[in-house]
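Working notes, structure below.
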Amino acid sequence: MNTKPAAQQPTPQPTPQTTSQPTPPSVAVIGLGNLGRALAAAFLDHGHRTTVWNRSPAKADDLVARGANRAATAAEAIAAADLVIVCVLDYDNVREVLTPAADALRGRTLINVTSGTPEPARELADWATAQGAEYLDGAVYAVPQTIGTPDAFVLYSGSSAVFETYRPQLDLLGAPTFVGTDPGLASLYDVALLSGMYGMFAGFFQSVAVADSARIKATDITSLLVPWLNGAAAALPGFAAEIDSGDYTTETSNLDINTVGLANILTATKAQGIGVDLLAPLQTLFERQLAQGHGSKSLSRAIESLRTRH
């Protein structure tokens, strides 16, 4: 009898599984100013085949050195990509660049992040759709060096399907928010947000001018102004809630108090020999509300003197 142990059979090894990653969409960036170059670099950094075009070809040199393809024309750039990003000076420039390349747009997705206003955005969306392209409008809130970081965000409007399809690519640029299917909405949000910014700048310039009249340095007054404005900004969500609800009842900062306070500021400012052109319109809004009998209401009710609906 053979007592030799039977040879052990080799343990079957698992068959290696091959996983195929989907190829990321190809991208074209048209317009290589500071922001356009930052957008193209973000796509390159994440492995997208990226084609670039600019009227001044030398603007593409650094990107080409990093692996981008340089197109000879805008039409060539569009034809090379699934997703086309346009970032030029204004909407007139967008039309100048895209009109000769209209045939190349069919079947492409066009995302325009050029700064503009609502009506031209709607017109461009209609034109792009007529060329057989899908369209999304965008407003970028970032300086170029913050593209792709948590400090950047971008508002989009237009095709919700485009937003969902290309959401992974939009995430590469900054936190994306879809604000509606009307292509002009991103621009309208942009006008609203920038109005708040420029209003802040107006107050800053007024503050510095008053300080300067007493030989107080701009840096000295600003070191006090910034924390004061940060604290004041905390009141804005409460004001916004009052405006949305239409209930302006308050026991604190009403229009009576603020109208007197701002009048004193304007009087003192004039006494220092400083103009009041930046703040006088706000006093006019306050006084209009007082004339209508709303002095006991919240300061936020001044919005009712601006609204197109009442």
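Data for the structure
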| quantity | calculated |
| --- | --- |
| Unmet criterion (only one of (1) more than 13 Å from the chain's Cα centre (by Cα); (2) under 25 Å from Asn54 (Cβ atoms)) for Val113 | (1) |
| Those residues of segment 48-92 which are under 13 Å from Leu32 (Cα atoms), assigned to a helix (DSSP H, G or I) and free of Cβ contacts under 8 Å to residues at least 24 places away in the same chain, in sequence order | Pro57, Ala58, Asp61, Val64 |
| Given (1) in a loop (DSSP other than H, G, I, E, B); (2) farther than 20 Å from Ala38 by Cβ; (3) of a type in the set (Gly, Ala, Ser); (4) in contact (Cβ under 8 Å) with a residue 24 or more places away in the chain, index of the condition Ala101 fails | (1) |
| Single match in Ser253, Ser296, Ser300 (criterion: out of contact with any strand residue (DSSP E or B) (no Cβ under 8 Å at 6 or more places or on another chain) and surrounded by 12 or more Cβ atoms within 10 Å (Cβ to Cβ)) | Ser300 |
| Segment 276-307: number of residues that are part of a loop (DSSP other than H, G, I, E, B) and either more than 17 Å from Asp247 (Cβ to Cβ) or in contact (Cβ under 8 Å) with a residue 24 or more places away in the chain (or both) | 8 |
| Residues that are in contact with a Ser or Thr (Cβ under 9 Å, 6 or more places away or on another chain), within 14 Å of Leu188 (Cα to Cα) and aliphatic (A, V, I, L, M), drawn from segment 101-134 | Ala121 |
| Check on Thr269, crowded, with 17+ Cβ neighbours inside 10 Å and either modelled with pLDDT under 95 or assigned by TED's automatic domain parsing to the domain that holds Asp212 (or both) | yes |
| Any hit, segment 19-38, residues being modelled with pLDDT of 95 or more and exposed (fewer than 10 other Cβ atoms within 10 Å of the Cβ) | no |
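Results for (1) more than 22 Å from Gly203 (Cα to Cα); (2) of a type outside the set (S, T, N, Q), shown as yes or no for each residue.
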| residue | (1), (2) |
| --- | --- |
| Asn258 | no, no |
| Ala268 | no, yes |
| Ala271 | no, yes |
| Ile274 | no, yes |
| Asp277 | no, yes |
| Phe286 | no, yes |
| Ser300 | no, no |
| Thr308 | yes, no |
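The values are calculated or read from the model by the stated rules, or taken from the named source; none is laboratory data. Computed from a predicted structure; not experimentally measured. Quick reminder, even Gly has a Cβ in these numbers, built from the backbone with ideal geometry, and neighbours come from all protein chains shown.
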